[in-house]
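Colleague: So that we are looking at the same thing, I have put the structure below in structure tokens.
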Amino acid sequence: MPSSPKTWGSLIARQRATVGAMRKLIVQQWVTVDNIAAEENGGLSFVSGEPFSETTNKAFKASLMGFIDSVDTMILGANTYNQNKDYWSSANEQGEYGEKLNNLTKFVASSTLADAPWGDFPAATVTRDPAATIRKLKEESGKDIWLWGSLRLMHSLMDAGVVDEVRMLVCPASRGKGKRIFEDWQDLRLLEATPFENGVVLLRYEIKK
């Protein structure tokens with residue numbers, strides 16, 4: 001019988017510890033059905049399926065919790081950091097998910113920031129060379145690494161060949177114009193396709209190298 005989503009994180013961690021596999025860099029993006037990950041003004045009005053409201057589908061919530069349990073480190077770009085640091089560091093309404101997110105080890109890719117505080121939680125480490133940082137982290141023991149949003153950083157790290165998996169939360173909407181998750185040729189291998197009752201479909205792809 002397949003494992004329930006809430007156990008995926010612990011299963012992945014145990015499997016990695018057993019076989020000594022290298023950590024992966026996993027991108028997670030909310031996208032539209034026409035491959036838009038941000039609207040022309042940078043907005044995300046298409047995002048649906050708030051994960052932790054009282055009406056949230058349990059399978060959807062379990063999937064997101066399973067993912068955050070499978071990572072212990074986050075990397076994000078400077079814009080994504082500035083947009084999220086104040087909200088998430090005090091987002092008590094996000095419950096266990098918010099607590100786990102806030103306690104992840106964080107790196108911020110920036111050529112200008114001198115430091116990157118995260119409220120009352122441990123500050124993020126600023127990196128001037130995110131690709132080199134990812135390569136170093138992959139050589140260390142631990143869970144997988146999460147690249148949160150940060151399309152420009154994502155494309156840069158894909159060009160550097162350090163992205164291993166793209167995890168797309170496809171929302172039931174189209175926008176026609178905006179910033180696309182893929183801007184060039186990519187060969188992918190499907191790892192998972194899971195629809196949820198809220199209309200979101202989780203698509204996980206391995207980047208072929």
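Colleague: Please give the FRET efficiency for residue 33 paired with residue 156, using the beta carbon to beta carbon distance and R0 = 25 Å, rounded to the nearest 0.05.
Modeller: That pair, residue 33 with residue 156, gives E of 0.45.
Colleague: Given H placed on each backbone N at 1.01 Å, which residues far from residue 109 in sequence or on other chains put an amide H within less than 5 Å of it?
Modeller: For residue 109, the qualifying residues are 76, 77, 78, 127.
Colleague: Sticking with this one: Please arrange 36, 75 by how many other C-beta atoms lie within 10 Å of their C-beta, fewest to most.
Modeller: Fewest-to-most Cβ neighbours within 10 Å comes out as 36, 75.
Colleague: Rounded to the nearest 500, what is the 222 nm mean residue ellipticity of the chain from helices alone, with -39500 (n - 2.57) per DSSP H run of 4+ residues and division by all residues?
Modeller: -9000 deg cm²/dmol
Colleague: Run through region 28-133 and list the trypsin sites (Lys or Arg not before Pro) located in a DSSP loop whose Cβ has at most 14 other Cβ atoms within 10 Å.
Modeller: For trypsin sites (Lys or Arg not before Pro) across region 28-133 that sit outside H, G, I, E and B with at most 14 neighbouring Cβ atoms in 10 Å, the list reads 128.
Colleague: Of all DSSP beta bridges in the chain, what percent run antiparallel (nearest 5)?
Modeller: So the antiparallel bridges in the chain amount to around 45 percent.
Colleague: Next up: Quick check: pseudo-label points 7 Å beyond the Cα along Cα→Cβ at residue 22 and residue 115, how many nm apart are they?
Modeller: 3.4 nm
Colleague: If a/c stays under 1.5 just call it rounded; otherwise compare a/b with b/c (prolate if a/b is bigger, oblate if not). Do that for region 85-141, with a ≥ b ≥ c from the square roots of the Cα gyration tensor eigenvalues.
Modeller: oblate
Colleague: Using a ≥ b ≥ c from the Cα gyration tensor of the chain (square roots of the eigenvalues), is it rounded, prolate or oblate, where a/c under 1.5 gives rounded and otherwise the larger of a/b and b/c decides, a/b for prolate?
Modeller: Judged from the Cα gyration tensor, the chain comes out rounded (a/c under 1.5).
Colleague: Return the lysines within reach of residue 209: Cα separation strictly under 17 angstrom, same-chain partners fewer than 8 residues apart disregarded; answer none if there are no such residues.
Modeller: Partners found: 24, 138.
Colleague: Continuing with the same structure: Label points 7 Å out from Cα along the Cβ direction at residue 57 and residue 84: separation in nm?
Modeller: Once both label points are built, they end up 2.3 nm from each other.
Colleague: If you don't mind, another one. Specify the inter-centroid distance of region 151-199 and region 72-109, based on alpha-carbon positions, in whole Å.
Modeller: After rounding, the separation between the Cα centres reads 20 Å.
Colleague: Same structure again: Checking the table 85/143; 143/177; 100/177 against a 32 Å threshold on Cα-Cα, which pairs fail?
Modeller: Where the Cα-Cα span goes over 32 Å, the pairs concerned are 143/177; 100/177.
Colleague: What's the magnitude of the charge dipole for the chain around its Cα centre, counting Lys and Arg as +1 and Asp and Glu as -1 at the beta-carbon? Answer in Debye, nearest 20.
Modeller: 540 debye
Coordinate-derived values only; no laboratory data. Note that the structure is a prediction, hence the values are computed from the model and not measured. We place every Cβ from the backbone using ideal geometry, glycine too, and count neighbours over all the protein chains shown.
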